[in-house]
1. Looking at Ala238, Ala220, which is the one that is modelled with pLDDT under 85 and either touching a helix residue (DSSP H, G or I) at 6+ places or on another chain (Cβ under 6 Å) or not assigned by TED's automatic domain parsing to the domain that holds Phe83 (or both)?
2. So which residues in the range 35-57 are in contact with a strand residue (DSSP E or B) (Cβ under 7 Å, 6 or more places away or on another chain), buried (at least 16 other Cβ atoms within 10 Å of the Cβ) and closer than 15 Å to Leu78 by Cα, if there are any at all?
3. Taking the options Phe236, Phe228, name whichever one is within 21 Å of the chain's Cα centre (by Cα), among the aromatic types (Phe, Trp, Tyr) and more than 30 Å from Gln55 (Cβ to Cβ).
4. Please determine whether any residue of the range 228-245 is crowded, with 20+ Cβ neighbours inside 10 Å, out of contact with any His (no Cβ under 7 Å at 6 or more places or on another chain) and in a strand (DSSP E or B).
5. Of the conditions (1) at pLDDT below 90; (2) over 22 Å from Arg82 (Cβ atoms); (3) exposed (fewer than 15 other Cβ atoms within 10 Å of the Cβ), Asp253 satisfies every one except a single condition; which number is it?
6. Residue under question is Gly295, and the condition is that it be over 23 Å from the mean Cα position of the chain (by Cα), within 23 Å of Asp132 (Cα to Cα), modelled with pLDDT under 85 and not assigned by TED's automatic domain parsing to the domain that holds Lys342; does it hold?
7. Consider Thr72 carefully, then state whether it is in contact with a Phe, Trp or Tyr (Cβ under 6 Å, 6 or more places away or on another chain), touching a residue at least 40 places away in the same chain (Cβ under 8 Å) and of a type in the set (Val, Ile, Thr).
8. In the range 85-105, what count of residues is obtained for those that are in a helix (DSSP H, G or I) and either within 21 Å of Thr52 (Cα to Cα) or in contact with a His (Cβ under 8 Å, 6 or more places away or on another chain) (or both)?
Amino acid sequence: MHNFYVFPFDKIHKGSKIVIYGAGVVGYDYYLQIKAIDYCDVLFVADPYYKTVDQFNNIGVRVKDPSEIQKTTCDHVLIATRFPELEKEFIDFLSSIHVPIDKIVSNCTRALESDVKGLQFARLMYAQRAEDWIVHSLFKFIGIDKPSYIDVGAHHPYELSNTALLHENGGRGINIEPNPDLIKFFEQERPDDINICAGISGNKSGGSFPFYFLSDEYGAEAPALNSFSLDVVNEFIAKGKSGRKLHISKTLDIPLLKLEDVIAEHADGKWPDYMSMDIEGEEYGVIEGCDLSDGPIVITIEVDKLESKDGDYDYSTVLIATCSLRNMFLAEMKATEGDLIKELFPANLTVSGLYAFGEIAPTSVCDDKAVNRFHNATFTMCAF
């Protein structure tokens, strides 16, 4: 199951003639939304890999070479990608074939300006499930305006980042990412942070270990799935990604550091206020090898199951946050929804929740107005 990418209804008017530039999951989500309500006319979909795109071909939609855009009269070219660096590449190409800049529409989250006037409840979020906004709110609540952080398995300074929002609000910290192709973005975007290209362990330090890189059958990389664990990589290969087959495209020997050694060297032995950890199945080993009695104050880790791989740890509580307006819209149905949600979890878990005063949903801005999409269908769940 992948994230759902919302069509920029606030930037493209009903009845417009558009070309969708990007035939991946983002473009596919856009296409299904506008076709379901007959919102606008999609002239065609363009993609550099137009010869090998399966999901559009399976529904009878022809995908063309991007060079065809210059032969087409349209109102907008909608860039459909979640990667800022790929967005820039697409924009540069469109400029090279003389597509006017005012016809190019991008819905990348980085387009939201944080200083737009009058947006009292507008929130810019980079994380996968609004974890960054929850963490930011927690620190505001306890009176820490600029929390320090360590981001283990940082991936990207913006894309799916739990620390980008903290950095934009003045926080500074340490970013650790084993992929040399990704750590360079931190060096560019966060030069005032400490950026380390390495893997992290709870008890090992020194030496280098194989780091496995995954790509799909058409050569597109899957950097969020790379891992030191061959078992984890094989699980991803067995599952595939968005209907595409995965394979190991290369292996690099990457230095492995002990997390406590990083704290000793780069933070004077003091844990930062916040730690985010996403290292594809190796989180438990790292956490168990650390003395966390003196911090961090807040920790987020990625887990795919409600128990460890060894089955020796059980969660006790699940906290659920959703939007305040859902409280009003559901009315007497709230209790029914609560019962249905509890059925998703083992009976021994305590399941509780709250209605957040604000939006836990994607926000976009146009003409100084904030628009939240699907704010009544968005949940964030934390297990601990």
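1. Ala220
2. Cys40, Val42, Leu43, Phe44, Val45, Ala46, Asp47
3. Just a single option satisfies the conditions, and that option is Phe228.
4. No, that holds for no residue.
5. (1)
6. Taking the combined requirement at face value, the residue satisfies it.
7. Criteria not met by Thr72.
8. Residues in the range 85-105 being in a helix (DSSP H, G or I) and either within 21 Å of Thr52 (Cα to Cα) or in contact with a His (Cβ under 8 Å, 6 or more places away or on another chain) (or both): 6 in total.
The values are calculated or read from the model by the stated rules, or taken from the named source; none is laboratory data. These figures come from a predicted structure and were not determined experimentally. Heads up, the Cβs are rebuilt from the backbone with ideal geometry, glycines too, and the neighbour counts pull from every protein chain shown.
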